[in-house]
Amino acid sequence: MIVCKQLTKQFVTGLRQRKVLALQGLDLEVTAGEIFGFLGPNGAGKTTAIKILMGLIYPTSGEARLLGKPLGDVGVKQRIGFLPESPYFYDYLTAAEFLTFYGQLFGRSGRELRSRIDELLELVGLADRRRLRLRNFSKGMLQRIGLAQALINDPSLVVLDEPMSGLDPVGRKEIRDLILHLKEQGKTVFFSSHILSDAEMICDRVGILVGGRLREIGRVEELLGRLGAKTVEVVVAGLNGEAAARLRNMAVKAVVSGPSTMLVFDREERVDEALPVIMAGGGKLVSLVRQKGSLEDLFMREVAQERRE
Amino acid sequence: MSKIAVIALNAYKETIRDKLLYNLVIFALLLIGSSVILSTLTVGERSKIIVDLSLASINLFGVLIAIFVGIGLVSKEIEKKTIFTIIAKPVHRWQYLLGKYLGLLLILAVNLTLMTVCFYLVQLAGEWALRPELMMAIWLIYVELMVITALALLFSTFTTSTLAAIFTLSLYVIGHLSVSIKEFAKRIGTETAAIVANALYYSLPNLDHFNIKAEVLYQAPVSFARLAWATFYGLAYIAVILLLAGIIFQRRDFK
């Protein structure tokens, strides 16, 4: 669906013609039917890459193909939906007029377009706001009408730039559900985000972009697996003093709150050694949780590494 | 409906819902209406004052609408980033630009008609003759507005809305003085300077081609050939400007 080869973009800014490399040799492939999360801190070059794909800016070097066609092919755009970052729309239009305008740009009209608009307004939960002008919309509503706009042509590839930024938890969940709904319909979704928990929940694969360079790419479980050492968190209650002291030496971290103690072990074998001590010390096991590494850990590691370089 | 027409009609809708347009139109209508009162203050022929003042108002406010509304249509759209979603749709960049241009021409036509109707009503109320030359003068004002709009669009493709407005306004002023540049070229001694002055004269718009207000005012005959030549000159100039705007717009990045 998306293929990028050595995609590079250099911006020249200011009077001094200072050169900024926004994107350096991006190699990327997104296959049909997957949800791909394009992650990275602010200023990493995510939006630059998306803008190149959408034909808003031209790459300095490298090439990319969308649905098998080179960039700039207007026919391909017929099958693509795009939601830009913090979208700005024609605020003088009502929700229905707005979607009609975009539908007409795809050459749609009449009853077919009207029923598509009804369907989309229903899908994004704005059916009762169809006659309200966009200038009176809240940020969450704008994001949702923007998503409706991106889906007006029933695209096979949907590209979303920061679809969850600035939304409250309810709004973010709605967008996540919508993305999953799109996947169920067989569409490919490519979205950028810096909200990692969202990406971790719904993405099949992710790519991590830092400083204009793609640092990691792969399936979410795979990347997390590569993080290695997992910690185990054990909570016990009613320990006697001697046992508590011994356990504190074995754990990497121990926190006492009231009658219970939380112990963090860096290896699973340590837990096996600790359990007899807990029993002997009259303690009661309250909980035992294996902490998985999160995308956030991976993300932070990459950002830190980039800073060191 | 073609994509150009969709964009043109949307541009029309945008402007119709803009307060700026109403302020300009209402002010123009007031000025045309007040020409009746002003004309009573003069000793000479009242109708001349009214025609003079009305045509000047129609011209001035037409230019203001062309520049300020025209620039808003493209520069502001780039500044406000509303253009992102449009470019990502199956629309060629030139289609977008042409659509915006035609939308603005539609607005100008509607406004000019409104002002003309108001002007004619004043003429009728005073029982002055409705001479066909008046229509010719207004048609040429419209051609001039088309040229100015094309210039505004050209500047919008590569600079900010404020600068585009300043550039267009400057060209409007220069365009009415460009005959002097030719005159200047004749009087200059050196040949190189004459070439430069001539090159300037031919590349800048000569907006005086569109000004037949004096002839209309003093009832001098205006030939059809004059009208046709001015119209042809205007359309040819517009074609070149739009082509240039299209090339720049096609190449630029929307950061």
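Here are a few things to note about the model shown:
- Reach of B:Lys182 by Cα under 19 Å, taken over aspartates and glutamates that are not fewer than 8 positions away in the same chain: B:Glu191, B:Asp208
- Set of lysines with alpha-carbon distance to A:Lys5 below 30 Å, sequence-local pairs under 8 removed: A:Lys19, A:Lys46, A:Lys51, A:Lys69, A:Lys77, A:Lys183, A:Lys187, B:Lys81, B:Lys89, B:Lys255
- Compared with the direct C-alpha span, the chain from A:Gln305 to A:Arg267 gains 11.2 nm at full extension, assuming 0.36 nm per residue.
- Rounded if a/c under 1.5, otherwise prolate or oblate - the stretch A:71-110, Cα gyration tensor axes: oblate
- Taking amide H as placed 1.01 Å from N in the peptide plane, A:Leu209 has its amide H under 5 Å from the amide H of A:Leu39, A:Gly40, A:Arg215, each at least 5 places away in sequence or on another chain.
- Three-way shape call for chain B based on the alpha-carbon gyration tensor, with the a/c threshold at 1.5: oblate
- Averaged over the residues of A:85-95, the number of partner chain Cβ atoms lying within 10 Å of the residue Cβ comes to 4.
- Note on chain A: GNM, Cα springs under 10 Å; of A:Ala243, A:Ala44, A:Ala32, the largest mean-square fluctuation is that of A:Ala243.
- Amide proton proximity set for A:Leu23, modelled H, under 5 Å, gap of 5+: A:Lys9
- Each label point was placed 7 Å from the Cα along the Cα-to-Cβ direction; for A:Ala127 and B:Leu64 their separation is 4.8 nm.
- In sequence order, calculated HN-Hα J values of the stretch B:89-96 (Karplus, 6.51, -1.76, 1.60; Hz; x Gly/Pro): 8, x, 10, 6, 4, 5, 5, 4
- Hits among aspartates and glutamates - C-alpha to C-alpha of B:Lys13 under 16 Å, sequence gap 8 or more where chains match: A:Asp91, A:Glu97, B:Glu77
- At full extension, A:Ala280 and A:Val12 could sit 89.5 nm farther apart than now, given 0.36 nm per residue minus the alpha carbon distance.
- Separation in nanometres of the label points that stand 7 Å from Cα toward Cβ, at B:Ser47 and B:Ala236: 3.6 nm
- In percent, rounded to a whole number, the relative contact order of chain B is 25, using alpha-carbon pairs under 8 Å and six or more apart.
- Mean separation of Cα contacts under 8 Å (6+ apart) over length of the stretch A:42-133, as relative contact order %: 22 percent
- Normalised by the number of residues in the stretch B:38-123, the average gap of Cα pairs under 8 Å and 6 or more apart makes the relative contact order 39 percent.
- Average beta-carbon neighbours from other chains, 10 Å sphere, peptide A:103-111: 4
- Translational D in µm²/s for the stretch A:210-283 (Stokes-Einstein at 10 °C, 1.306 mPa s, Kirkwood Rh from C-alpha pairs): 112 µm²/s
- Anisotropy class of the stretch B:91-233 from Cα gyration tensor, a/c 1.5 cut: oblate
- Among the residues of A:53-66, the average count of other protein chain beta-carbon atoms within 10 Å of the residue beta-carbon is 2.
None of the figures in this text is laboratory data; all of them are computed from the coordinates on show. Not measured: the values here are computed from a predicted model. Counting neighbours? That spans all protein chains shown, and the Cβs are built from the backbone with ideal geometry, glycine included.
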